[in-house]
Amino acid sequence: MSNDYYKTLGLSRGAEKTEIQKAYRELARKYHPDMNPDDATAKSKFQEVQHAYDVLSDDNKRSQYDQFGEGFENMAQGPGGFGGGGNPFSGADLESLFGGGGGGGFEQFFNTGGRPQGPRPTKGQSLEDKLEIPFATAVTGGKASVNTVAANGNTTAVQVTIPAGIESGQKIRLKGKGYPGSNGGPNGDILLTIKVAPHPDYRRNGYDLELTMPLTLAEALLGTELDIPTPYSTITLKIPAGTPSGKRFRVKQHGVTHKTGTGNLFVITQIHLPDEPPAELVEQIDALQQPNPRNQISW
């Protein structure tokens, strides 16, 4: 494969992060050793893809690579190093740098106990995804399932525990559920961005819930009792006679569950008037006509 990290991933130098991530996923699947047991070169290709991604997905490393090329990783730092007096290896051969003969020097520098050290363990690529959950699950907590693509290309269902009180835009991390690591490294993670589906009737205001409850004119005038389903149980709410439109009734501890408790439910009345009131009702209302106290208001 190419020594150019961009070519290794099949990208142009102006590639966006999303393009880098997508290319890595595809190539990691293609060359993963578990998927190519009969290909002796698959492991080295997979490692090259992994290394190219490690550099290009890191803004700092990518900037140095774009400026200095592949050699930026071998630059010595500090006095006498790159940027501090030139390359310390310039004009010197390997034997003079690490010693020669007797099995020491160069061999000793790159070996431990006479055995070559293999590539360092590398954590697998993490995945980002979105998960939409029902309104009720966000209020009380629960379980959900998300389908993710494993390294072998198969789709796997992963169970997710949804904490009560979660809101749209918050994230859940599933440790070790991403792509497998290389050289014994840990698996990557899955990072889920939560979207809470709207409810047809209930609204959320912080840890409180709000419900607009339609009332007929008769119910508002004479009073009534309403059975209201809440996230926890069905409650009976008493509406007293003469209740105006916009009246707020608080039901304690029937709102959103969170770490320190449970919010409240507010039921807001909304009186619905008939389109064509009966003639008898109009006559009765006319009989109740009296001076409006608003006429006494002055500035």
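The numbers here are math on the coordinates, done by the rules we state, and not lab data. Note that the structure is a prediction, hence the values are computed from the model and not measured.
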Which log10 I(q)/I(0) values does region 127-196 give at q = 0.14 Å⁻¹ under the Debye formula, counting every alpha carbon as one identical point scatterer?
-0.44
Starting from the Cα of Lys45, draw a straight line to each of the aspartates and glutamates and keep only those under 15 Å, dropping any in the same chain fewer than 8 residues away.
Asp4, Glu26, Asp34, Asp54
Per residue, how much space in cubic angstrom lies within the convex hull of the C-alpha atoms of region 202-285?
90 Å³
Within the set Lys30/Lys177; Lys238/Lys259; Lys7/Lys43; Lys17/Lys195; Lys7/Lys61, which residue pairs have Cα atoms separated by over 21 Å?
Lys238/Lys259; Lys17/Lys195
For region 169-246, what is the relative contact order in percent, using Cα pairs closer than 8 Å and at least 6 residues apart in sequence?
18 percent
According to the square roots a ≥ b ≥ c of the eigenvalues of the Cα gyration tensor, what is the shape class of region 1-72, taking rounded for a/c under 1.5, prolate for a/b larger than b/c otherwise, and oblate for the remainder?
prolate
